[in-house]
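I have placed the structure first, in the form of C-alpha cells, so that the comments after it can refer back to it.
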Amino acid sequence: MWIKKVWGLCLLGGLWWGMGCGLFQKPDCHKDLDCFSVDYTCVGGRCVLRSGVEGSHIEKSSVDGDISDGGGGDGTTGTCETGQRRSCYSGPATTKGVGICQLGEQLCVRGVWGECVGEILPEKEICANGYDDDCNGLVDDGCGVCKAGETRSCYNGPQGTRLRGLCRDGVQTCRSDKTWGNCVGEVLPKEERCDGEDNDCNGQIDDNCFECRQGEQQQCYPTNTSGCEKIATTAYSCKGSCKVGAQICQANGRWGACAGFVKPTLEQCNGIDDNCDGLVDNDIRGPLCPKQTGICAGATQLCGGAKGWLSCDDATYVKHSVDYQAGAEAGCDGKDNNCDGLVDENCTACKAGTTQPCYSGPAGTQGRAPCKEGTRTCQGNGTWGPCQGQVLPQAEICDGIDNDCDGLIDENSPNMGRFCNTGKPGICDRGAYVCKAGKETCEPLEPPRQEICNGVDDDCDGQIDNGASGFTYYADTDGDGYGDPAKPLKACTKPAGYATNNQDCYDKNKDVFPGQTGFFSVHRGDGSFDYNCDNTQQKRYTQVGSCKGCTTPLFDQGFVDGIPDCGKNGSWVDACRFDVGKCFPLTISKPQECR
C-alpha cells in the first residue's frame with residue numbers, strides 16, 4: 001500500500017515530474033542528526049519541521065532549498081505554495097513515534113496538500129515477532145494467555161535496528177493474570193555520537209556523527225603542554241600566566257582549532273609565574289654586580305618582582321657571601337672581604353717567618369686545574385708578604401685546558417666537537433674541529449691508510465684504488481675465457497680482454513683451451529695440435545683399413561700404408577671392389593685430425 005501512495009503522489013502533477021519526483025531523488029538525510037537544526041526531523045530522507053515546534057514554520061532547508069508551509073503537519077488541507085513539504089501523521093496522536101509508527105511527508109501541488117506519504121500507522125499486533133505493532137508501547141500485548149513467571153525476548157525499537165549496534169532485546173515476564181508485562185532492559189536506538197559505537201543501530205559506526213552542534217563553544221588547551229590541567233570534561237585548572245583558549249563547533253559538526261590559549265614561556269624577573277610551574281620568578285639568574293673580585297665574584301642582582309632587577313648594595317653582597325665587609329677590610333682571614341682586589345691589606349697580626357696558603361683569584365676558581373693556591377710568608381714587620389706560587393685564571397684559549405678555571409674547557413671555541421670538511425681528498429675529507437696551536441682546526445677523523453680495492457681513496461692522494469694489491473687477472477687475447485699465465489695483471493676490477501684464470505696453453509687461438517672436445521686437421525698456430533692443453537697430441541683416426549680379402553661384404557674403414565701424423569693426409573679405405581678374381585680397396589685422401 002505504501003508503494004501505491006508514493007506513485008499516486010508522483011502522478012498528481014507535471015510540476016513534480018519536472019522536479020524528478022522528490023521521493024526518488026537522493027535523500028537529504030538518513031537520521032535526525034543530518035538535519036541542520038534540532039527543530040527538524042528526518043522523515044523519508046527529507047528534513048522536516050518537528051511536530052509542535054513553536055511557530056510551526058519551516059524555513060528554507062539548508063540541504064536542498066525546499067520550503068514547507070505554515071501548517072502543523074497534521075494532514076489538514078490549507079493554502080500552500082507548490083513544492084513546499086511538511087511532516088504528517090494520520091494515526092492517533094498517542095501512537096506517533098511509538099513502536100513501529102513513524103511520521104510521513106506531504107507535498108504541496110498547485111496550492112493543495114497532497115497525500116501523507118511514508119507514514120507507518122498502527123497495525124494489528126503480531127504475536128511472537130518481538131515488535132510493538134499497534135504502537136501502544138507494549139510488545140505482543142493481547143497475544144493470549146501465558147504461564148505466570150514465563151519470560152521471553154522483546155524489542156520496541158524501529159524495524160531493522162534489533163540486535164544491531166548497541167541495541168539489545170529486553171525481557172517480558174508473564175504476570176499473574178497470565179498476560180505479558182512490559183519490556184524490561186531493552187536498549188533502543190539513540191542519537192549517533194562520535195564514540196566508535198553504532199548508537200542508532202543502523203549497522204554503521206559513527207556514520208555522519210557530530211562531535212558538537214554548530215556554534216557551540218568549549219574551553220581547550222594544547223595536549224601534552226604544561227600550564228593548564230584538565231580537571232573535568234570541560235574545565236581546566238591553570239597556573240601562572242597560562243590560560244585556556246576556546247574552540248567553536250564548525251558547520252561540519254567538528255570542533256575547530258583551539259585559539260587564544262597562553263602557553264608557558266621563559267621565567268623573567270617581573271613578579272609573574274611565566275613558566276606556569278606554580279612559582280614566581282624562580283630559577284632565574286640576574287646580571288652580575290659591579291664588584292666581582294674577592295668574595296664578591298659571581299654576585300648577581302636580586303629580583304624585585306614587578307620592580308625588575310634591583311641594584312647591588314651592601315645587603316646584596318652580604319647575601320652572596322657572609323664574609324663580605326663594607327668599607328675598610330678588617331681581620332686576617334686570607335680573603336678579599338671588601339672586594340677591592342687586596343687580601344687582608346690591613347692585617348698585621350702575623351709572626352715573622354710563618355706561612356699560610358693564599359689565593360687572590362675569583363671565588364669558585366681556586367682548586368680548579370690549572371688554578372691553585374700559593375703561599376705567603378709573614379715579613380719581619382709583622383705583615384704578610386706577596387702570595388707566591390699561586391696560579392690564577394687566564395684568558396680561555398683553544399688548547400684543551402680550562403684556562404679560566406670556570407669548570408669549562410675551550411668554551412670560547414664554539415665549533416669544538418662539530419664535524420667539518422677538511423678539503424683533503426678521499427677519506428681525509430671528513431673531519432672534526434680540534435684545538436691545535438691555540439686555534440680551532442678541522443682535522444681528519446681518519447688518517448690516510450694503505451690503499452685497498454674498495455672504490456675509495458684510502459691514502460688520500462686524490463686517486464681511487466691506485467697502488468692497491470688488488471686481484472690478479474690474465475690476458476685473454478683470443479677471447480676464449482682462458483687467460484695466458486705468462487701475462488698477469490694486478491687490478492681491483494677485471495679489465496676488458498682479461499680472464500680470472502691462467503689455464504690457456506696457447507692464447508692466440510680461441511679453439512685452444514682446457515677441456516676442448518673437438519679435433520682439428522690444422523695445427524693451432526705454432527705447429528702443435530695440443531688443443532685441449534693436456535701436453536699431448538691425441539689422434540682421432542688410428543684404425544687400420546682392410547677389405548678382408550673381399551670374403552665378406554663387411555670391410556674395415558681405416559688407413560692403409562700406415563697411420564698419418566697430425567694434419568697429414570693418408571689413404572682411407574672407403575669401399576672395396578672384387579673384380580676378375582681380385583680384391584681391390586677403394587681409397588680416398590683423408591687428413592688426420594688431432595687435439
Per-region count, the stretch 563-595, residues within 12 Å of residue 545 (Cα to Cα) and either among the β-branched types (Val, Ile, Thr) or outside the structural domain of residue 541 (by TED's automatic domain parsing) (or both): 4
message: Would you confirm whether or not the stretch 177-190 contains a residue that is in a loop (DSSP other than H, G, I, E, B), touching a Pro at 6+ places or on another chain (Cβ under 9 Å) and within 26 Å of residue 87 (Cβ to Cβ)?
response: yes
- line: Counting only residues in the stretch 304-326 that are among the small types (Gly, Ala, Ser) and loosely packed, with under 12 Cβ neighbours inside 10 Å, the one nearest to the chain's Cα centre (by Cα) is identified as 306
message: Let me confirm something: among 329, 267, which residue is surrounded by 18 or more Cβ atoms within 10 Å (Cβ to Cβ), at pLDDT below 95 and over 26 Å from residue 360 (Cβ atoms)?
response: 267
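So that you can scan it fast, the table gives a plain yes or no per residue for (1) surrounded by 14 or more Cβ atoms within 10 Å (Cβ to Cβ); (2) under 25 Å from residue 158 (Cα atoms); (3) within 32 Å of the chain's Cα centre (by Cα):
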site	(1), (2), (3)
189	yes, yes, no
202	yes, yes, no
217	no, no, no
227	yes, no, yes
- request: Scan the stretch 110-161 for residues that are surrounded by fewer than 20 Cβ atoms within 10 Å (Cβ to Cβ), assigned to a loop (DSSP other than H, G, I, E, B) and of a type in the set (Val, Ile, Thr) and jot them down.
  value: 126, 145, 161
query: Only one of these conditions is not met by residue 498: (1) surrounded by 15 or more Cβ atoms within 10 Å (Cβ to Cβ); (2) among the hydroxyl-bearing types (Ser, Thr, Tyr); (3) under 30 Å from residue 570 (Cα atoms). Which number is it?
result: (3)
message: Which count do you get for residues in the stretch 510-523 that are touching a Cys at 6+ places or on another chain (Cβ under 9 Å) and either over 10 Å from residue 567 (Cα atoms) or among the β-branched types (Val, Ile, Thr) (or both)?
response: 6
task: Identify, by number, the condition in (1) exposed (fewer than 15 other Cβ atoms within 10 Å of the Cβ); (2) within 27 Å of residue 511 (Cα to Cα); (3) in contact (Cβ under 8 Å) with a residue 24 or more places away in the chain that residue 584 doesn't meet.
output: (2)
message: Here are the criteria: (1) assigned to a loop (DSSP other than H, G, I, E, B); (2) within 60 Å of the chain's Cα centre (by Cα). Tell me which single one residue 532 does not satisfy.
response: (2)
- request: From (1) at pLDDT 95 or above; (2) buried (at least 18 other Cβ atoms within 10 Å of the Cβ), pick out the condition that doesn't hold for residue 247.
  value: (1)
query: Which condition does residue 379 not pass, out of (1) touching a strand residue (DSSP E or B) at 6+ places or on another chain (Cβ under 8 Å); (2) surrounded by fewer than 17 Cβ atoms within 10 Å (Cβ to Cβ); (3) more than 30 Å from residue 460 (Cα to Cα); (4) touching a residue at least 12 places away in the same chain (Cβ under 8 Å), if it passes all the others?
result: (1)
- request: Could you tell me whether any residue of the stretch 295-308 is in a loop (DSSP other than H, G, I, E, B), on the phi > 0 side of the Ramachandran plot and out of contact with any strand residue (DSSP E or B) (no Cβ under 7 Å at 6 or more places or on another chain)?
  value: yes
task: Could you figure out which of (1) polar (S, T, N, Q); (2) modelled with pLDDT of 90 or more; (3) in contact with a strand residue (DSSP E or B) (Cβ under 8 Å, 6 or more places away or on another chain) isn't true of residue 503?
output: (3)
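The values are calculated or read from the model by the stated rules, or taken from the named source; none is laboratory data. All figures in this text were calculated on a predicted structure; none of them were measured in a lab. For neighbour counting, all protein chains shown are included, and Cβ atoms are generated from backbone atoms with ideal geometry for every residue, glycine included.
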